[in-house]
Amino acid sequence: MWQYTLKRLLQGVITVWFIATATFLAMHSVPGDPISGERAATEAIRANLAARYGLDKPLGEQYVIYIGNFLKGDFGISFTQQNRQVNDIIREHFPVSATLGILAVLFAALGGVLWGALTAIYRNRLPDTIIMFLVILGISVPSFVFAALGQLALVNINNFFGVSILPVAGWGTVSHMIVPALVLGMGTMAYLTRLMRSSMLEIIHSDYVRTAKAKGLPAERIFLKHQLRNAILPVVTVLGPAIAAITTGGFVVELVFAIPGLGRYFVQAVQQLDYTVIMGTTVFYGSFLVFMVILVDLLYGWIDPRVRVQ
Amino acid sequence: MQEPISTEEGFTRSAVKQLAVFSVLAVLVIVAVMYALNFIAGLTGSDSQSAAGAVDIENNEISVFLRQDPPQLDSTRSTDVVSGTVLGHVMEGLLRYDENFEITAGLAERWEIEGTKATFWLREDARWSNGEAITAHDFVFAWRTTLDPAVGSQYAFIFYPIKNAEAANTGDMPLESVGVRALDDRTLEVELEQPIAYFDKLVAFSTYFPISEEFYESTNGRYGAEAESLLYSGPFRMTSWVHGASIRFEKNPYYWDADNIHLDAINIAYITEDTNTLLNLYKDSRIALVDLTAEMLEGAMQQRWHLDRFMDGSVFYIEFNHRPGRLSTNLNLRKALRYAQDDGELVDRVIKLPGYLPAKSVFPVWLRGVEDTFREEYPAPESEYNVALAREYLEKAKQELGITEFPPIVLLADTSPVATISSQYYQEVYKKNLGLDIVIDPQIFRQRLAKMSSGDFDLVLSGWGPDYNDPLTFADLFASWNLNNRGHFDNAELDAQVRIAQNSMDQRVRMDAFGKIQDILFDEVVFIGNYERGRVYATNPQVKGILRRAIGAETDFTRAYIVPESTAP
Amino acid sequence: MSDLSSSSSVTLSADDFAPLPHRDDIHGINRPSRSYWQDAWRRLKSNRRALFSLWLIIGLLAFALIGPFLWQVDPSRQDIDQISQAPGADRSAEIVPEYTAWDGSVQPGFESDATGLRIGADANSQSVRLIWDAVPGANALRLYRNIFPIDGELAFGLPIAEFTSVEAGFYEDRLDLRPDTYYYTLVSLDQDMNLSAQYQELAVDVRRVITLDEVRERELVAPDVELALGDEVKLSFHPFGTDYLGRDILARLMSGARVSLFIGIVAPFLFVLLGVAYGSTAGFIGGKVDQVMMRIADFVVALPFLLFMILFQVVFGIGPGESGILPMLVALILLSWPATARLVRGQILQIRQEAYVSASRLLGAKNYYLVLRHMIPNTLGVILVTLTFAVPSAIFTEAFLSFIGMGVAPPTASWGSMSNEGLATMLTHPHELIFPAIFISLTVLAFNLLGDGLRDALDSRMRSLE
């Protein structure tokens, strides 16, 4: 087990190095000029700025410095907010994105299991039809349309009741989290509902459920221990990729709901060609995802010894 | 084999019952997680956002928005409008603009500009937000820091009228040689390179704000990065700044004119560029002011909102590349392009927002002349929409260039919504009226500037915003030495007129020079005017005294006040 | 078993274990049999939902490819008279003379004894010309325009113009005039430039008009039809309405379909192809090569997809006049192939160990035969299903990139960029969002359902119970 863990971690470190290098190379082949500002600067000022960001050195040297700083956990100073460290930006904004992501995954997982089970129980009856219609909507409507419509609906609800039931946008309190997390988790929830439904249906028809019924086990026990529990397994296995998709797919929701997450920051940085922030955020997200995947794998290995052998 | 139906039904019922229990548990789990996450987030420092409404009469405060997180509140490096708006609330320099946009006393109670010498006498009660006195040394430090080559400030040029400032900024002379001295704690003396007519207006600009040296050094290079890493000289101070989320201004008790500041606090409760989100927030009474797009006007009228408009001072135009070898160096082609478009159509039909005006001149309508506005005294030459004439000029251009067909002409534009619309509009207009093939080169803002600087374009959608309230802020744009003249227009007569306007102390002579510049720009078709930008906005009827203007803080709440509903008209 | 044990006297030599020489007839099957694909097709045909989505996809492709021949409207043609027109809006316009600038004089026929705010000329969609008398007592005047009569709330609507002179004056309004009734108010401002309660109101009916030149230029009527001033003509017909530049939405949807479906179908096709080649090579060669190749694939998988999509868009950049489709295609392929490669490699490795492959090898099958007869047919199902499910995600990616302004460059239209632009006008002109959004949803839905159907039809082991 230790050897396996060590091996996976080593692989992770190499992968992160690869991501860092790829990001570095990508950013340094971008046509354009991160120093250019609205008011044109003299050569002297440009040279000062270039020196400040180490852009005056040869590429190889810049790379060595970059990797060195990265090992120290230092991503440098932002180009647009020249008095802010990229580290500060990540530290302040990542928890927001993570909060949103965790909630969205929770919504998606719990909702998916609930609706999936319900549709399987009521298959081909009205609740099934209604939920599956919503699922189809959830799968086929782009998230930015959902976000915009969700917000519009909130305004109208608030105006209708004359009080603010849920905030329209912003961040800071628990009530601010609900709608954005729901919107963010919507697509995944729809996907998981479908998965759960077919997995449930397979189990409902399985021999051991029939046996359990024949044996006269109480209905609660059959449903909970035999059906639900086994049907959830395939849902659990796709949660890993779902987490990754939700964490980086949060941009849209963060943009529409004015949430100060790292995703929105990344998009802004791209639009302002803020080299250091783009590199820092990409490498940070990349590393985060790599180690999340390793963690999930290790957990599986812990639960299921067969994985380790492979 | 057939199971009794009652059993199947019973099973379903029991399953649903259990799912109901499950969903209750799920909701509980989610709520618990939400509170846990909120608690953890609270530990990492970000304040909870107050759920206050747009106007809080009880606490005498209002909530508003910002378009983006202020990128730079270090006044030595700040360049953008949003930072300028925030700085305009929390900082004050020697002089400031009053409600009628005239220069008035700020931290200096008295000033004297005589020839190449300017003297400012600071108020006795000018204090930083920590209670310490603001001294003349704080100005000397701030100005020298801006000029320090190591700081690399993009706005250092705004100090260049001061003696030796340019040389110090390029590193040719020591910073100590810059012509600004503190005679004592309350007297600041400035020596200029030569007499200039608009130095008082320059001094009101944000780069001229003071900085306490002691405080600056104590922030370890993070001056202006957080609410705590700034010392405030203006009517408000920042008490919290959650990056990207919210900022809170509270009345600065040490401000010398605190008696005339009516609000106790201003909450910047939301930071977003999304116009739909902002509209929704305004509808939900979360913010006291909202800018409207053309598409929102109908809804705004239906809601019976009180609408206002203002011009934000910027002028937008198509600029040409005058580098040798470019087609756009041909005057007849430029004339053809001008006569083939109707600037009124772009503004009235496509942008269709009241407040926008066709840009007939590089000098916007609000600039002051000698007595009246500059444009009243020196009317812009009228261009007409005349496709037949345009085609004639195009034929002449073809002959001069010795070509029968024009190759595709590159129109560089940035990716802002209005630039996207305008570029497509012009593409179609020139295709329809002149048969020209315009290819759009859409680039993000910084890339557009980089491409302009390197000369990689034929036409470019560009614009300019004023730094100070004098026509010169626009007039020198196309001077051959100006680095912002990215199309490299070079005209000796224009250069001479700019020099006159820079050096003369006589307003009449200067305005005449600006008038001539306006004519040269028209005759040479140095640009094709698109529009002067305006904004339409709705304000909460309970909030009065909001100023919106072209120079300084774009939206100024410093003198705003709340009128309770009953007395509001 | 019993047979073997009884005849213990049989002696075997090493030759007996050598593979037989290759013989074609041994692989022949005598009974008539449906092939794997015939079987799959039969199953797919019985799945109503999958069949419906198949037809839907064919329809969408026809919309993109044949549509422009049936609806020959230039998608970049701007109809400035019909900006953001909803489908089915009135299109009639009256022919009037060419617009000429106005000096404030009253047009013959509009002289009146009325005082206060009044019109000085025919009010139409070219211009509304207002004149008024001096307003004593006011400090300045502001002109407003509204779409409702002014009520007790004194919301005057849009501030159109401001006048420092309170003498008799005139103003020409040309701002976005539509056939509608407008309520103009001239409000007096007090000393502090605040609104006073003193105002004059005027309701103006605006007719849509067009000039003769415009009618001829846009070919709204046949060239041989005689037209005179005052005649009524119909403006161009836009079945799905127009967008913010007056462009025909149906034509743009068609050209957008070509972009979106191109990216949505070609990108997955290419990256799946690349993945298949890569994965099967790795799987077939095996050993060290396989290890190295798969490690490289792992690296690419680890890159955060959307972040690198955006990064690549920036790196490749969009040059003048380029649509931006190619960079997006390349980025999608570069980032998406490893998933297929992994899948195919896994399948190949698995199939390699199957008993029937060993048997086939024992019976003298060559490598190419193994690949063609066993490997490809047995992975093709999986590949096809992957391909079908990759289409919706590619279409979403395109839409998503357009949403954050990193998509195709204007004036190129895609469904994603159209919905993004539609979001801005969602409240007043919902049709600009609804149509492209519906097309995205339909496509995504169709490919999802087809994918389900294919999975069920091609691989009974993967069949989901519906």
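The values are calculated or read from the model by the stated rules, or taken from the named source; none is laboratory data. Everything quoted here is computed from the prediction, not taken from an experiment. Here the Cβ is made from the backbone with ideal geometry for all residues, glycine too, and neighbour counts use every protein chain on show. To get the accessible areas, we keep the full protein, side chains included, count just its heavy atoms, and leave off ligands, DNA and RNA. Shrake-Rupley method; radii C 1.70, N 1.55, O 1.52, S 1.80 Å.
Under 26 Å between alpha carbons, and skipping anything fewer than 8 positions from C:Lys288 in its own chain: which lysines qualify? Cα-Cα hits under 26 Å: A:Lys7, C:Lys366. Positive end of the dipole of segment B:234-382 (Cβ unit charges, origin at the Cα centre): among B:Trp366, B:Asn330, B:Asn280, the Cα lying farthest that way belongs to B:Asn330.
Computed over every Cα-Cα pair of segment C:131-240 and binned at 5 Å starting from 0, the pair-distance distribution P(r) comes out as 2, 10, 18, 16, 13, 10, 9, 8, 7, 5, 2, 0, 0 percent.
Each part reduced to its alpha carbon centroid, segment A:137-169 and segment A:223-278 end up 20 Å apart.
Estimated from helical segments only, the mean residue ellipticity of chain B at 222 nm is -9500 deg cm²/dmol, where each DSSP H run of four or more residues counts as -39500 (n - 2.57). Remark: the C:Val221-C:Glu167 segment gains 14.8 nm on full extension, using 0.36 nm per residue and subtracting the alpha carbon distance. Placing a label point 7 Å from the Cα of A:Asp74 along the Cα-to-Cβ line, the residues of segment B:129-166 whose backbone N sits under 19 Å from it are B:151.
Can you give me the Kirkwood hydrodynamic radius for chain A, using every pair of distinct Cα atoms, in Å to one decimal?
Here the Kirkwood hydrodynamic radius works out to 22.7 Å.
Computed from the C-beta positions of B:Ser177 and C:Asp190, the FRET efficiency with R₀ = 56 Å rounds to 0.55.
Going by the alpha-carbon gyration tensor, a ≥ b ≥ c the square roots of its eigenvalues, is segment B:499-557 rounded (a/c under 1.5) or, if a/c is not under 1.5, prolate (a/b greater than b/c) versus oblate? Oblate, because a/c is 1.5 or more while a/b does not exceed b/c. Note on surface exposure: B:Arg309, A:Arg264, A:Arg125 rank A:Arg125, B:Arg309, A:Arg264 by accessible area, highest first, 1.4 Å probe. Both chains summed, the buried accessible area for C and A stands near 3400 Å², from protein heavy atoms and a 1.4 Å probe.
Here the calculated FRET efficiency for C:Ala101 and B:Asn260, from their Cβ-Cβ distance with R0 = 35 Å, stands at 0.15, rounded to the nearest 0.05. Against the empirical curve 2.2 N^0.38 Å, the C-alpha radius of gyration of segment A:218-293 lands at a ratio of 1.66. For segment B:314-384, the spherically averaged projection of the C-alpha convex hull amounts to 6.1 nm². Couplings 3J(HN,Hα) for segment B:356-364, derived from phi with the Karplus relation 6.51 cos²θ - 1.76 cosθ + 1.60 (θ = phi - 60°), are 6, 10, x, 8, 7, 8, 6, 8, x Hz, where x marks Gly and Pro. Modelled this way, with points 7 Å down the Cα-to-C-beta line, the labels at A:Tyr208 and A:Leu6 are 3.7 nm from one another.
Using the alpha carbons alone, the radius of gyration of segment C:303-360 stands to its Kirkwood radius in an Rg to Rh ratio of 1.32. Modelled label positions at C:Ile376 and B:Phe39, each set 7 Å beyond Cα in the direction of Cβ, lie 6.2 nm from each other. A simple charge model with +1 on the Cβ of Lys and Arg, -1 on the Cβ of Asp and Glu and nothing else charged puts the dipole of chain C at about 3920 debye relative to its Cα centre.
Which entries of B:Lys201/B:Lys360; B:Lys117/B:Lys201; B:Lys335/B:Lys396; B:Lys335/B:Lys398; B:Lys352/B:Lys451; B:Lys360/B:Lys396 show an alpha-carbon separation above 18 angstrom in the structure shown? Violating the 18 Å limit, Cα to Cα: B:Lys201/B:Lys360; B:Lys352/B:Lys451; B:Lys360/B:Lys396.
Counting only other chain Cβ atoms within 10 Å of each residue's Cβ, the peptide B:369-377 averages 0. Ordering B:Asn540, B:Asn482, B:Met452 by the projection of their Cα atoms onto the charge dipole of segment B:410-569, which places +1 on the Cβ of Lys and Arg and -1 on the Cβ of Asp and Glu, puts B:Asn540 at the extreme positive end.
Charge dipole of chain B (Cα centre as origin; +1 on each Lys and Arg Cβ, -1 on each Asp and Glu Cβ, all else neutral): 1140 debye, rounded to the nearest 20. Applied to segment C:44-52, the Karplus parametrisation 6.51 cos²θ - 1.76 cosθ + 1.60 on θ = phi - 60° returns per-residue 3J(HN,Hα) values of 5, 5, 7, 8, 4, 5, 5, 5, 4 Hz, with x for Gly and Pro. Each residue of segment C:268-282 is assigned a 3J(HN,Hα), and the resulting list reads x, 4, 5, 6, 5, 4, 4, x, 5, 4, 5, x, 6, 4, 4 Hz, derived from the Karplus form 6.51 cos²θ - 1.76 cosθ + 1.60 (θ = phi - 60°), x at Gly and Pro.
Rounded to the nearest 20, the Cβ-based charge dipole of the protein assembly as shown about its Cα centre (Lys and Arg +1, Asp and Glu -1) stands at 8000 debye.
So for segment B:220-276, considering every pair of alpha-carbon atoms, how many percent are separated by more than 15 Å?
So the portion of pairs separated by more than 15 Å is 55 percent.
Remark: C-alpha extents of segment C:204-280 on the principal axes read 74, 35, 17 Å, sorted largest to smallest.
Global dimensions of segment A:56-198 from alpha-carbon coordinates: Rg and Dmax equal 21.7, 69 Å. Size estimate for the protein assembly as shown follows the Kirkwood approach: the inverse of mean 1/r over distinct Cα pairs works out to 35.0 Å. Each of B:Phe101, C:Leu311, C:Ile263 was placed along the dipole of the protein assembly as shown (beta-carbon charges, centred on the mean Cα), and the one lying farthest toward the positive end is C:Ile263. Peptide packing: for C:240-248, A:165-173, the average count of neighbouring Cβ atoms within 10 Å per residue gives the ranking C:240-248, A:165-173, highest mean first. A Förster radius of 56 Å, combined with the Cβ-Cβ distance separating B:Val16 from C:Arg207, puts the computed FRET efficiency at roughly 0.35.
Under 1.5 on a/c is rounded, so check that first for segment C:55-108, then, if it is not, pick prolate when a/b is larger than b/c and oblate when it is not; a ≥ b ≥ c are the square roots of the alpha carbon gyration tensor eigenvalues.
prolate
Over all distinct Cα-Cα pairs of segment B:342-413, the Kirkwood formula returns a hydrodynamic radius of 15.5 Å.
For B:Ile409, the residues 5 or more places off, or on other chains, whose built amide H falls under 5 Å of its own are B:Asp437, B:Ile438, B:Val439.
With the convex hull of the Cα atoms taken as the outline of segment A:179-238, the averaged projected area works out to 4.7 nm². Taking label points 7 Å from Cα along the Cα-to-Cβ direction, C:Phe52 and B:Glu124 give a separation of 8.7 nm.
Legend: mean number of C-beta atoms from other chains within 10 angstrom of residue C-beta atoms, peptide C:288-300, equals 2.
Each pair of Cα atoms in chain B enters the Kirkwood radius, and Stokes-Einstein at 37 °C and 0.692 mPa s then converts it into a translational diffusion coefficient of 123 µm²/s. Taking all C-alpha pairs of segment B:94-240, those more than 20 Å from each other amount to 47 percent.
Take each residue of peptide A:280-292, count the partner chain Cβ atoms within 10 Å of its Cβ, and average: the result is 3.
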